[in-house]
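The values are calculated or read from the model by the stated rules, or taken from the named source; none is laboratory data. Bear in mind the structure is a predicted one, so any value in this text is a computation, not a measurement. As a convention, Cβ positions derive from the backbone with ideal geometry for all residues, glycine included, and neighbour counts pool all protein chains shown.
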Amino acid sequence: MPQPDDATSNFSAAVIASSPDAIIAVDMDGVITAWNPAAENMMGFPADEAIGRDLLSLMPGSQRDAAARLLERARNGEVIAGRDVTRNRRDGSTVVGRLTVAPIRAADGAVCGTVGIMHDTTERKAIEELLQRNHRLASIGTLAAGIAHEINNPVGGILMAAQYAKGALDRPDSRGIIEKALTDIEVDAKRCSDIVRGLLRFAHEESGERQPCNLNEVAESAINLSQKSFFDSSADISFTPAESLPSVIANGTEIRQALVNLIVNALQSESSAVSLVVGLADGGEAVEVCVRDDGNGIPEEVIDHLFDPFFTTKRRQGGTGLGLSLAHAIVTDHGGTLDVASSGAEGTAVRLQLPLPRGTE
């Protein structure tokens, strides 16, 4: 009958041998002392060839420095858990895994070696990459369909206006007709320009120049611009600035554009009143601009898609589906948030929050 120590040792060996994860142990010099069957299958080296060799000698040069640093940290008593790594098999192919490296301690607590446990995630990683690639392709298809839809409308208007003007050249009242056609062409051309500019801004990854700016001033300027671009709205716009408002570090032009988009969106909701209120939020750690309207409200199933490019419920009113997505991209790029709350009875409130610099009182 085996002694308790032998039974414990045999049980531990059986656990290591049956583990689906690769388990590799090395001594203080980095020489392999244990190499379980999963390590054989994963790395392609039989245990009798691996045990007794320097672990780093089984790796290509490009991987040795990083592996040596992990071993050194474990020798110093540190446990490195859940590190994503790529290793080369014997045949040169790669395996992707989740690696944990830990010190092996003797009975007196002294570190006498290190153990690495690696879970093979190669297949899962390949599936994730495939899903991400398919998602990108689907996004590109949605984007292309949206661009085609949005550009086709104004381009069709330009074509119709040009044909109408051309057909009126011999008419006695041709001047008025041509002037009207040119005005329509100008409007539709500007709309195309706005769509393209919006797409470029949406895709742009770099932040514009930022400096201290006062959101009271930015919000008031956004109201003036919105009223000029949406002059046919009968809604009243009110503005409540905040007193003693600290400055935020932001690109004022971009934040103003985001606010213009929010205001225009509110004006398109068939509201009779739109209000902008500026103040402090999050216990004084952020500045907030709340854009509120008393319009029809937004259905709950629509709110989840408000920030998707080209998603709009206002195509009849000329909506492109870019306004809120651009506003969201701008605010997020500034480290802020854009939250929407809506109900059919009370309209919609959109809160734009930007963080204050640390140390601001």
Requested in this report: Identify, from the list Gln132, Gln163, the residue that is of a type outside the set (Lys, Arg) and at pLDDT 85 or above.
Outcome: Gln163
Requested in this report: Grab the strands (runs of 3 or more DSSP E) fully contained in segment 14-106, keeping just those with 1 or more residues being at positive phi.
Outcome: 80-88
Requested in this report: State which residue pairs qualify: first residue surrounded by fewer than 18 Cβ atoms within 10 Å (Cβ to Cβ) and inside segment 279-298, second residue among the charged types (D, E, K, R) and in a strand (DSSP E or B) in any location, beta carbons under 6 Å apart, and separation of 6 or more residues or different chains.
Outcome: Gly279/Glu288
Requested in this report: Kindly check whether there is at least one residue in segment 51-61 that is aliphatic (A, V, I, L, M), surrounded by 11 or more Cβ atoms within 10 Å (Cβ to Cβ) and within 12 Å of Gly116 (Cα to Cα).
Outcome: yes
Requested in this report: List the strands (runs of 3 or more DSSP E) that sit entirely inside segment 233-297 and contain at least 3 residues that are within 22 Å of Ala329 (Cβ to Cβ).
Outcome: 248-250, 273-281, 286-293
